[in-house]
4 protein chains.
Amino acid sequence: MTRPTIGVGMLGYGFMGRAHTNALRKIGYISWPPPADIRLVAIAGRTESHVLGAAERFGFQRAVTDWHELIDDPEIQLFDNLGPNSLHAEPTVAAARAGKHVVCEKPLARTAQEAHEVWQAVAAAGVKHLCAFNYRFVPAVRLARQMIEAGELGEIHHFRSSYLQDWLVDPAAPATWRLDVNQAGSGALGDLGAHVIDQARYLVGEIRAVSGRLKTFVPERDGTPVTVDDAFEAVIEFSTGAVGTIEASRFAAGRKNALTWEINGSRGSLAFDLERLNELQISTGRQGFTRRLVTEATDPYLSLWWPDGHIIGWEHTFVHELHHILQAIVYDQPIRPHGADFEDGYRAAEVCDAIIRSNASGRREPVSYRTL
Amino acid sequence: MTRPTIGVGMLGYGFMGRAHTNALRKIGYISWPPPADIRLVAIAGRTESHVLGAAERFGFQRAVTDWHELIDDPEIQLFDNLGPNSLHAEPTVAAARAGKHVVCEKPLARTAQEAHEVWQAVAAAGVKHLCAFNYRFVPAVRLARQMIEAGELGEIHHFRSSYLQDWLVDPAAPATWRLDVNQAGSGALGDLGAHVIDQARYLVGEIRAVSGRLKTFVPERDGTPVTVDDAFEAVIEFSTGAVGTIEASRFAAGRKNALTWEINGSRGSLAFDLERLNELQISTGRQGFTRRLVTEATDPYLSLWWPDGHIIGWEHTFVHELHHILQAIVYDQPIRPHGADFEDGYRAAEVCDAIIRSNASGRREPVSYRTL
Amino acid sequence: MTRPTIGVGMLGYGFMGRAHTNALRKIGYISWPPPADIRLVAIAGRTESHVLGAAERFGFQRAVTDWHELIDDPEIQLFDNLGPNSLHAEPTVAAARAGKHVVCEKPLARTAQEAHEVWQAVAAAGVKHLCAFNYRFVPAVRLARQMIEAGELGEIHHFRSSYLQDWLVDPAAPATWRLDVNQAGSGALGDLGAHVIDQARYLVGEIRAVSGRLKTFVPERDGTPVTVDDAFEAVIEFSTGAVGTIEASRFAAGRKNALTWEINGSRGSLAFDLERLNELQISTGRQGFTRRLVTEATDPYLSLWWPDGHIIGWEHTFVHELHHILQAIVYDQPIRPHGADFEDGYRAAEVCDAIIRSNASGRREPVSYRTL
Amino acid sequence: MTRPTIGVGMLGYGFMGRAHTNALRKIGYISWPPPADIRLVAIAGRTESHVLGAAERFGFQRAVTDWHELIDDPEIQLFDNLGPNSLHAEPTVAAARAGKHVVCEKPLARTAQEAHEVWQAVAAAGVKHLCAFNYRFVPAVRLARQMIEAGELGEIHHFRSSYLQDWLVDPAAPATWRLDVNQAGSGALGDLGAHVIDQARYLVGEIRAVSGRLKTFVPERDGTPVTVDDAFEAVIEFSTGAVGTIEASRFAAGRKNALTWEINGSRGSLAFDLERLNELQISTGRQGFTRRLVTEATDPYLSLWWPDGHIIGWEHTFVHELHHILQAIVYDQPIRPHGADFEDGYRAAEVCDAIIRSNASGRREPVSYRTL
């Protein structure tokens, strides 16, 4: 048992930092044997006192306030970027060029152009790259993918999905970097919609055209202009001919973290709700939907966990995701198809940009994807 | 108690004929005292043996194979048109011009132009006119309207709705008049989508722009070309600034009669599912949705029925709807706002036409409404 | 087509009178051809003005204040007893002895002894007898029975059922005859529990022992002592060895008409909720429950109604039930197994009495059934 | 920040060992600052190779095959007993007598007598003791307790609960120690029913009488007699006058880990389902149940976790539970009322024994509780 050790450098220490660290610490005993031993080498953040506290709490060996130190650290083999969207491109590219494998939170970048540049640079560096569309790693979502691949739904006709939250419906909710186009790129679209788009691509296939509408309901908060969308709506078409609607909003009163989708095929349908992420609704006969608890040992990722019927939580998606890239690194396996790599990150950004273009032009916009 | 008697002439004897007749027969003892005594005067249909059988079964005094006989019959004060879409305009207009009040099934006509002509002619005749958007008469839907009018949801931001059925997902399903553009005008759009559009208009307000996509998955059945849509998808914008997605499909495997919608406002949200039409999901605090059984005696239309918790069915919407027009006739009350009149029928047709235009043009299409 | 005419005499004109009349009036056109033409001959009630109004509204030819007039009326072939429990035995027996077929609302009588006497007398008269356990006529319930008979659940191990309402939880709710042991026999037990017991017997089989507890939470209302139970709980054992719990309460805040049950067998499980009576939850694989909408044309009783997915209501159970006895009369068919006859009414009363005995004795009480 | 260090010795290394270890490892960074630093000192198990593997995986400093070594180890301050029921009493008492704080999995012992002895011995030792009824630590359950204590439900009338699993419904399922009365004490009763009883006691109050029935459907597996119950059913009465039904089964086809309960009070009702443990169904008005996602930062235990709407899993209950006893140890706080101590473990055993007595006697059995 000569397991390799992989050193991790992390940029960001908010709740995503906590979620990723938790995953990295659990892999060592939840998956057994783990693909590698994890060393939490260093964590970077702007505010010294905060990042020092995070390092102590999460168990990183050291804290730094300049992310370049992570790039220069030879003990770090995996760079995990959880910073705000405006800090995705530069550090991630730098890390890859320094030979480190990279994880980057979604959206990969603020625009498709920026995302393409990141993908190009990172691919050229020859490292493993994963864009953290963690909802691919929900067992029910991967089970859905498996069923669709196996033809259990037949030809897919429809995909409809919403990602609904309510934290901006209060007009007094404060301004944050997420409401500033320069820092975030877009609003509900890039933050929540990117997940919807990635689910669509993972489960149904490539999106070839969109007709979209963005909406900002509250144009100013705390005296600061809101320069991103509060919500978007779009009709989409897939290369396969399937059609659907997608949507995200931070103004859906009573909805907390409601990423839902339904897929209808010629032989059956599936439905999912992130607030009940242990369940997949399956209709493969003529008669109604079966509430399938995706908690069997034979279900995707469930061999890591508990007996049948003992549910897992949101944080577990990160365990599966980071376990996936560790396996990819150690055994030199591809990130795709079950993980999203930076090409997936880039492609989601192209769809987001097409929705923004459609909003402005009033036209159905084709989505064209660049290669490397 | 000198109740008036209202004679009814009906065009059509399929399941809608059964549903309307059932309603007309029940009004006399379910609402008490009823606004009028109903006389089932005559029923018209193409096939003599069928229409004779229907008259006997439903209790009409006579059966005719030429609908003009209904127009000429002085005993008929209310003309109820349940024929195929291509038979909506001419008989309805003729009846109105003969001084009869008119009910016409939805969609009012095959195109907005045709619908406008019907509305114009009927309005000029000075009779009561109701377009049978019966889902306005679901108690939960009317309760939703009341809550929205009372401001319980605040300003409305989102409306999303689908009407999903699965009867065409089988490629061997036979051709019917509903799949022929000349007889039906459109497919899922006019048949199911018209309900969605009417719910949007009844609950949220006027639609001012649409970006739509039609889709025909199976282009030919029984050797006959399918000349209508199997499904449509659209992004819509309301005059108020609210935005949303609407959709209808006859290709949604496992969905039988699933008209669902959700409305999000600045103070709360509502959700509805026609397959559970006795329930309204209400979120007016910060915390989740309440499954409200709309079966209290004080709920809309429920004083007609049973004790709390004793549910009603789909057919009851027709009792409420026909009771509504009878009251309008007897007491000279307006059909609006809780009933849909022919202006509502026309306006829904304008939205449908705009979706068809948008599908062809690839553009977001404004919806403009003509007056009389 | 020489359909017989069956004259009906009804005792009682409250909401049950409305429900039964509605059913009798609908049978003539909903089932086609109906087994008989119905003549609403006479309705009886204590208060002259009320019963006159009911006769006019419901369409009975005459109103009487003495139920004996119904017995003496040769035009009446079917006597439908909807009176309070204390008026079940004498008029029903009298009608049967006069050669009339009889329907009697549940519970058949106030005690097992009284129920046995009624059953004996009526059986001796040779007429058709039906005890109005109308929930046997919910399509989902009959489908459940069919699935169990076909062995789809294997050997039954468990039955658990509650019938929960909330109308007495308010301590200021007024006293009614339902709270008086002399008029009602028992409280939640005979009113709601009798339905639970009948469902158990219809779906699983004979009950052989009970351990029960009665409870009266509010001992006095309007200065009148409450002499019946507000709720009961029991453990039951079936002759087959299956075990379960049953319960009814009028003190379940938030529950309006919640008759629910779940049945677990060696090969599968079923679950039902009367507030969603169009649905049956079915688990016959290893994986979760399927929400089956019991609205297909091939489902029990559904050929009478509407296209797939168009739900029916509570009142429809009476249409099915009265249609059933009319067929039994006209074609001389047995009421059993899908209808409950007076033996079923008597047997339910035996179980109720055993629960009352068990409550008093503190012992598990065997249930023994007398024959004719 | 001079945090104490607490050394843990664990008996058992199966899935409960994994669940407890996971919790102990997470406390150090999920709660911040944690009440103590945890040292995983030693783990004991019968099979050397297995326990060595577990120690390596879970991170214990050493593995032992004789639990007495844990008792003698001065580095251990907390003894966590996850062994089979027959190994609860002796090691736990020995650990307490050696001055170690103790956690013991439920049921505390195989009989009330044995449980009382354990409680007595441990209480006399003056250490902290917690019986691992981990479902008290579900946020929704603790929220329910808080609502009930605050009077939001008024006076409680009803408690009904089932704990349903299906892993024995297959007659070919193998024999395990759980089916042997000497090792397990009882079957579904002590394993699942104990949780139900503890929820009843935690939420409603003390149980004073039971009428119960045990059932063994498959009397032999693998040629070994099954000497425990496969299921039990009981009517219960609380000291307060509330009544209810409780039940557990390993024969409920389609139910995986379905601990459900409903509580009805004079002012409202609550309902819970462990398979959807992030939700509490709340009815405090007259109108239906609200699906409350218990994932707000202000909800019990949720300050440890993620933003609103991001659900947690089954394993999190152990984090809360072990965090609770660590706080109790470090700050010398009581385990009760939110944790279950050994008196609670003993009292649950008294209820189990009374159900067994009632099954044999056929009588309603009072439950009397001994003091120290």
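Quick look at the numbers
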quantity	calculated
Per-residue SASA entry for A:W167, accessible area with 1.4 Å probe, Å² rounded to 10	90 Å²
Environment charge of D:R250, counting only residues whose C-beta is closer than 10 Å and scoring Lys/Arg +1, Asp/Glu -1	-2
Per-residue SASA entry for D:L70, accessible area with 1.4 Å probe, Å² rounded to 10	0 Å²
Ranked order, A:E350, A:E48, C:E233 - accessible area, probe 1.4 Å, largest first	A:E48, A:E350, C:E233
Chain B shape via C-alpha gyration tensor axes, a/c threshold 1.5	oblate
Modelled FRET efficiency - R0 22 Å, B:H68 with B:E117, Cβ distances, 0.05 increments	0.70
Separation of alpha-carbon centers, the range A:1-49 and the range D:35-67, rounded to whole Å	23 Å
Gain upon complete extension [B:F15, B:S361; 0.36 nm per residue less C-alpha separation]	120.8 nm
Within the range B:116-159: backbone nitrogen closer than 13 Å to the B:D332 label point (7 Å, Cα to C-beta)	B:127-128
At 7 Å out from Cα toward Cβ: A:A124 inter-copy label distances (nm, ascending)	7.3, 7.8, 10.5
Subset of A:K26/A:K100; B:K106/B:K256; A:K215/B:K256; C:K215/C:K256; D:K26/D:K128 violating a 25 Å alpha-carbon distance limit	A:K215/B:K256
Theoretical ellipticity at 222 nm over chain B - DSSP helices of four or more residues, -39500 (n - 2.57) apiece, nearest 500	-9500 deg cm²/dmol
Total formal charge among the other residues, if their Cβ is under 13 angstrom from that of D:L143, Lys/Arg +1 and Asp/Glu -1	-1
Gyration tensor (alpha-carbon) shape descriptor, the protein assembly as shown, a/c threshold 1.5	oblate
Per-residue average of Cβ from other chains inside 10 Å of C:158-170	4
Prolate/oblate/rounded call for the range C:1-148, Cα gyration tensor, a/c under 1.5 rounded	rounded
Estimated inter-spin distance, B:S49 and B:W177, nm [label 7 Å along Cα→Cβ]	1.9 nm
Inter-copy label distances at A:P4 (7 Å, Cα→Cβ; nm, one decimal)	4.4, 8.8, 8.8
With all protein chains modelled, accessible area of D:F238 [1.4 Å, Å²]	0 Å²
Partner chain coverage, peptide B:255-265 - average Cβ within 10 angstrom	5
Centroid-to-centroid separation of the range D:308-372 and the range C:189-264 [C-alpha atoms, Å]	29 Å
Portion, in percent, of the accessible area of the protein assembly as shown that falls on carbon or sulfur, probe 1.4 Å	48 percent
Contour excess over end-to-end distance, with Cα ends at C:L372 and C:W32 and 0.36 nm allotted per residue	118.7 nm
Cβ-based net charge around D:I312, under 11 Å, with every Lys or Arg adding one and every Asp or Glu removing one	-3
Residue closest to axis [chain D; rotation mapping onto B; Cβ; Å]	D:T290, 2
Part-to-part distance (alpha-carbon centres) for the range C:71-100 and the range D:131-166, which is given in Å	50 Å
Distances in nm from B:T65 to the matching label points in the other copies, shortest first (labels 7 Å along Cα to Cβ)	5.7, 9.5, 9.7
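The values are calculated or read from the model by the stated rules, or taken from the named source; none is laboratory data. The structure displayed is predicted, hence computed values, not measured ones. Positions of Cβ are backbone-derived with ideal geometry, glycine not excepted, and every protein chain shown enters the neighbour counts. Surface accessibility is based on the protein's heavy atoms, side chains included, excluding ligands, DNA and RNA. Shrake-Rupley method; radii C 1.70, N 1.55, O 1.52, S 1.80 Å.
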